[in-house]
Amino acid sequence: MRQLVVKMAPSPDRFNAAYAAPTADGPAQALHDLLRREKLVLHPLRSPSLSPAAAMTRGAADAGRSRRLDAYWSVPEQDPERLRRLQAQFAEQPAVEAAVLLPAPELPGGTLTTLDLSPRQGYLDAAPNGIGARQAWPRPGGTGTGVRVIDIEGDWLGAHESLNGAVEPGLHLRADPAAPWNGAHQTFLDHGTAVLGQLAGTHPNGRGIRGICPGAEIGFVSHMHREAWTGIIGGPGAISRATDMLRPGDVLLLEMHLPGPRFGFGSASGQLGYIAVEWFEPYFDAILDATDNGILVVEAAGNGREDLDDPLYDANSLGFSSAWTNPFRRGRDCGAIIVGAGAPPGGSHGPARSRLGFSNHGACLDAQGWGAAVVTAGYGDLQRSPAGDRSYTATFGGTSSASPCVAGALALVQGMLRAAGAALLTPRRARQLLRHTGTPQPAPAHDRIGSLPDVAALFQAALQTDVSS
């Protein structure tokens, strides 16, 4: 709030607006006439503790203290137009030395203005460095128009400036604030905000970030959502709720991984041993329900540094049913697209599209995305705001950042296919085409994470009637 401050001119007839008006005509009387006309009472800026009465009670030492603010008075008014008019009127008064309209105080950091961060989102660029989202946007349906994409994870910050209105109200199951977060709620908030930023960043007023598929209908289902009849719905329940919201050809993104058998299904340092969720039978069956209904399920491979071809995963070591077999062998196949984390271009993380060391790998992986140096919403290492609503990161990574690259690419292709009147991709056809198109992973191939999607190539292949396997 701006403040109008009046400094009185030096005068033997000291102005005292609060206690007594002068009796004789003169400069002070004219000022009092202005105050009566405008129905104003001025307030002193000096500290009450330094008033003459207070000084008398505190002794001679305080009585001699300098009181320069005795000359200053504040005008109690907030209306901007009236403040400017009063400033001019006070400035004309002979009893007034100065009338100053002070700006409102701000934090020392000043006002935070978000810059256009989209040039730093290299994963949006054309192949071979990115997935080719920017090149798809001008095409009919090329923003993901008519396609629903639901992200499943913990929570997200709905007030973020780059996600304003990004999530559809009807595709939304929020987390229970009272859920057992175990001190990690902020991490879940940042993570979900970052993923949604990759998919649906709205780039408000040419600032912030751009989402891969800004024309898609974006949803969010939290595995920490609580229902009266079931309690916390958990991962398989979240997949089931999202499946009910989606249609054939839509995209479901699973931003989850779980500790696997390597360390006895317990949490391990650095997420060692964590694996893709489909290995666990309830997740497998929930995913299979989705793909059987024509929904494209994109699943993070996990950050456990695991070779998913390891015979360790053949053992039913958690008491699954007798029908269970190792899904990573794809004998019994849930139809999900498994995504690994590849290095971005530039060389600081290794050769472009090479497997990042934390990423799980194996024959079952279908595609990769950028697993490091992703610019998106959340966290605050690139720009931070106290409430998080204008916080951005330049270091989002893992199979968490890789999977939205693939989910977003599929949404763009489905949108273009819909606009062209062509058949939408089915789950298994989408997986097949991702394996046969895109920018390849460099050698060696023993740590397979697959190719980086190329939206243009994927779309052209989807228009064809068949691709040899």
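Bear in mind these aren't lab numbers, they're just calculated from the coordinates by the rules spelled out. Since this is a predicted model, take the numbers as computed values, not measurements. Every residue, glycine as well, gets a Cβ built from its backbone with ideal geometry; the counts of neighbours run over all protein chains shown.
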Lys/Arg +1, Asp/Glu -1 at C-beta; the chain dipole; positive extreme among Leu102, Leu318, Val221: Leu102
Using θ = phi - 60° and the Karplus relation 6.51 cos²θ - 1.76 cosθ + 1.60, list the HN-Hα couplings for region 206-222 in order, rounded to whole Hz, with x at every Gly or Pro. x, 10, x, 10, 10, x, 5, 10, x, x, 6, 8, 9, x, 8, 10, 8
Within a Cβ distance under 14 Å of Cys213, other residues only, what is the Lys/Arg minus Asp/Glu net charge? +1
Rounded if a/c is under 1.5, else prolate if a/b is larger than b/c, else oblate: which is region 222-303, with a ≥ b ≥ c the root eigenvalues of its Cα gyration tensor? oblate
Which value, in debye to the nearest 20, describes the size of the charge dipole of region 118-463 about its Cα centre when Lys and Arg Cβ atoms bear +1, Asp and Glu Cβ atoms bear -1, and nothing else is charged? 880 debye
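Can you tell me what share of the DSSP beta bridges in the chain is antiparallel? A percent to the nearest 5 is fine.
Here the antiparallel bridges make up roughly 45 percent for the chain.
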Near the amide H of Gly146, under 5 Å away, which other amide H atoms are found, from residues 5 or more places off or on another chain, if H is placed in the peptide plane? Glu217
Listed residue (Gln87, His436, His160) projecting farthest to the positive dipole end of the chain, Cβ model: Gln87
So what J values fall out for region 301-315 if you push phi through Karplus, 6.51 cos²θ - 1.76 cosθ + 1.60 with θ = phi - 60°, rounded to Hz, Gly and Pro as x? 5, x, 10, x, 6, 9, 8, 6, 7, 4, x, 3, 8, 7, 8
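When a/c reaches 1.5 or more, the comparison of a/b and b/c decides; with that in mind, is the chain rounded, prolate or oblate per its Cα gyration tensor?
Taking the square roots of the gyration eigenvalues as a ≥ b ≥ c, the chain is prolate.
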Could you pull out the longest piece of the chain with no exposed loop chymotrypsin sites (Phe, Trp or Tyr not before Pro) in it, calling a site exposed if DSSP puts it outside H, G, I, E, B and it has at most 16 other Cβ atoms within 10 Å? 20-228
For the chain the mean separation of alpha carbon contacts under 8 Å (6+ apart) over residue count, i.e. relative contact order in percent, is 15 percent
Could you work out how much longer the chain between Ser321 and Gln464 gets when fully extended? Use 0.36 nm per residue separation minus the Cα distance between them, nm to one decimal. 47.5 nm
MRE, 222 nm, helices only [DSSP H, n ≥ 4, -39500 (n - 2.57), over the chain, to nearest 500]: -7500 deg cm²/dmol
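Using a/c under 1.5 as the rounded threshold, could you call region 101-234 rounded, prolate or oblate? The axes a ≥ b ≥ c are square roots of the C-alpha gyration tensor eigenvalues, and prolate needs a/b larger than b/c, oblate otherwise. Spell out each step's value before the answer.
Numbers: a/c = 2.08, a/b = 1.09, b/c = 1.90.
The shape class here is oblate.
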Could you please state, rounded to a whole Å, how far the C-alpha centre of region 332-398 is from the C-alpha centre of region 188-265? 16 Å
Per-residue HN-Hα couplings for region 356-365 [Karplus 6.51, -1.76, 1.60; θ = phi - 60°; Hz; x = Gly/Pro]: 6, x, 7, 6, 4, 8, x, 4, 7, 6
The size of the Cβ-based charge dipole (Lys, Arg +1; Asp, Glu -1) of region 379-469 about the Cα centre, to the nearest 20 debye, is 200 debye
